[in-house]
Amino acid sequence: MATAVGENPVSVRGLRKSYGDWHAVLGLDLDIFPGEVFALLGPNGAGKTTTIEILEGVRQRTGGDVRVLGCDPAEDRRGWRARIGVVPQNTGAYADLTVREVVEHFAAFYPAPLPVGQVIDMVGLGKHEKKQSTDLSGGQARRLDVAVGIVGDPDLIFLDEPTTGLDPVARREAWDLVRYFSERGTTTVLTTHYLDEAEALAQRAAVIVAGQVVRSGSLAEFGARSQTPTTVSFRIPPELSGRALPVLPPESQALADTTDGVLRIATRTPTALLSVLLPWAHEAGAGELPELRVHRPTLEDIYLDLIRENVSGTDRGTDTLGRDDQGTDGQAADRTSEAGIR
């Protein structure tokens, strides 16, 4: 069954999955648009893999409405199954088969698969196609998983941690493969713990915490909605030592600790802040602000703040990724414009 015109490849409303009193997924809503690479982010145990397995039709949901390529995945129709490709989190074991035999075996399941040799070359296993699959290295076995997942030339691909165990070169080759299918108009759902991977590949993303989507949208929107301020910093020159700061723009706050000789100011309006600081420094005879740096929140900063804000029952001092919760640069914020720079 083809997806109806105007219908998203993935549409989820109120998805729930419970095991007794424990809720793996709790009221999750999700829309994935045609042809995009969509990243699912979240800490371990957030419900990402459970959600993916429900979308793939390999796990039954407790409640909610789910449509994947126009069908309910719980019905698991054969024609629908042929239109999706799956690269699971765990590497498969294909005893007594060569790389080529494995790919040929899975290609036979699909009505119009990609050429086997082309797929093997695409995943970088061309030199190993006659090698026993059980003799592959961990990274090579992961490439074979990718080959199995894409050989059917699917309309929708699920990639669950696809580059885990790959070296940097192999990771970049896997990225090129995702881009190749994106250019063909294939929709891709990617789960990853590598935030640089999400930034490099995905047009949009959702962060899942405790079975719910806590933020969804383009990666640019993540930055615009971030509660993490930009930090403007510079090393204090002799001309400014002991000199009171000018009146700072609204939502700008100097950080108290300057013991390393660096002044840091957290702000939501870095351009306005610089327009105040530069004339102030010039009037004092400081032609330059040494080591001037504007640090905007990265996707990692935004992601970690989202986790910290939404994980309940955890120590606010430390989250599961081991980052402390002491504000920007781990420093206590405090106005110092009256006291001057020390």
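The values are calculated or read from the model by the stated rules, or taken from the named source; none is laboratory data. Every value quoted in this text rests on a predicted model; they were computed, and no experiment measured them. Counting neighbours? That spans all protein chains shown, and the Cβs are built from the backbone with ideal geometry, glycine included. The area values use the complete protein model at the heavy-atom level, side chains included, leaving out ligands, DNA and RNA. Shrake-Rupley method; radii C 1.70, N 1.55, O 1.52, S 1.80 Å.
Which is in contact with a His (Cβ under 9 Å, 6 or more places away or on another chain), aliphatic (A, V, I, L, M) and within 21 Å of D76 (Cα to Cα), of V87, V148? Criteria check complete, one pass: V148. Considering only the range 51-61, I want to know if a residue exists there that is closer than 24 Å to E300 by Cα and not in a loop (DSSP other than H, G, I, E, B). Yes, there is a match, as at least one residue in the range 51-61 is closer than 24 Å to E300 by Cα and not in a loop (DSSP other than H, G, I, E, B). Among the residues of the range 152-189, those that are touching a residue at least 40 places away in the same chain (Cβ under 8 Å), of a type outside the set (G, A, S) and closer than 17 Å to Q118 by Cα comprise D153, P154, E173, L177, V178, Y180.
Criterion first (open to solvent by less than 60 Å² (accessible area, probe 1.4 Å), out of contact with any strand residue (DSSP E or B) (no Cβ under 9 Å at 6 or more places or on another chain), not basic (K, R) and not in a strand (DSSP E or B)) does G35 satisfy it? Answer is no for this residue.
Regarding the range 228-239, can at least one residue be identified that is open to solvent by 10 Å² or more (accessible area, probe 1.4 Å), under 27 Å from H23 (Cβ atoms) and in a loop (DSSP other than H, G, I, E, B)? No, the conditions are met nowhere in the range 228-239. Restricted to the range 193-228, and to residues there that are in contact with a helix residue (DSSP H, G or I) (Cβ under 8 Å, 6 or more places away or on another chain) and at pLDDT below 85, the residue that is nearest to I32 (Cα to Cα) is L219.
If I go through the range 121-137 residue by residue, how many of them are under 17 Å from D96 (Cα atoms) and not in a loop (DSSP other than H, G, I, E, B)? Residues in the range 121-137 being under 17 Å from D96 (Cα atoms) and not in a loop (DSSP other than H, G, I, E, B): 5 in total. Annotation for the range 269-292: at least one member residue is touching a Phe, Trp or Tyr at 6+ places or on another chain (Cβ under 7 Å), open to solvent by 80 Å² or more (accessible area, probe 1.4 Å), closer than 16 Å to P237 by Cβ and not aliphatic (A, V, I, L, M). Candidates G242, G261, G217: the one that is open to solvent by 40 Å² or more (accessible area, probe 1.4 Å) and of a type outside the set (A, V, I, L, M, F, W, C) is G242. Checked against the criterion of being of a type in the set (D, E, K, R) and either under 30 Å from P270 (Cα atoms) or touching an Asp or Glu at 6+ places or on another chain (Cβ under 6 Å) (or both), the range 221-233 contains one or more residues that satisfy it.
Could we say that V102 is open to solvent by less than 10 Å² (accessible area, probe 1.4 Å), touching a Ser or Thr at 6+ places or on another chain (Cβ under 8 Å) and free of Cβ contacts under 8 Å to residues at least 60 places away in the same chain here? Yes. Looking at this structure, is L114 crowded, with 23+ Cβ neighbours inside 10 Å, touching a helix residue (DSSP H, G or I) at 6+ places or on another chain (Cβ under 8 Å) and not in a helix (DSSP H, G or I)? It is false that L114 is crowded, with 23+ Cβ neighbours inside 10 Å, touching a helix residue (DSSP H, G or I) at 6+ places or on another chain (Cβ under 8 Å) and not in a helix (DSSP H, G or I). Looking at A220, A205, A174, just one residue is closer than 24 Å to H295 by Cβ, part of a helix (DSSP H, G or I) and not aromatic (F, W, Y), and that residue is A220.
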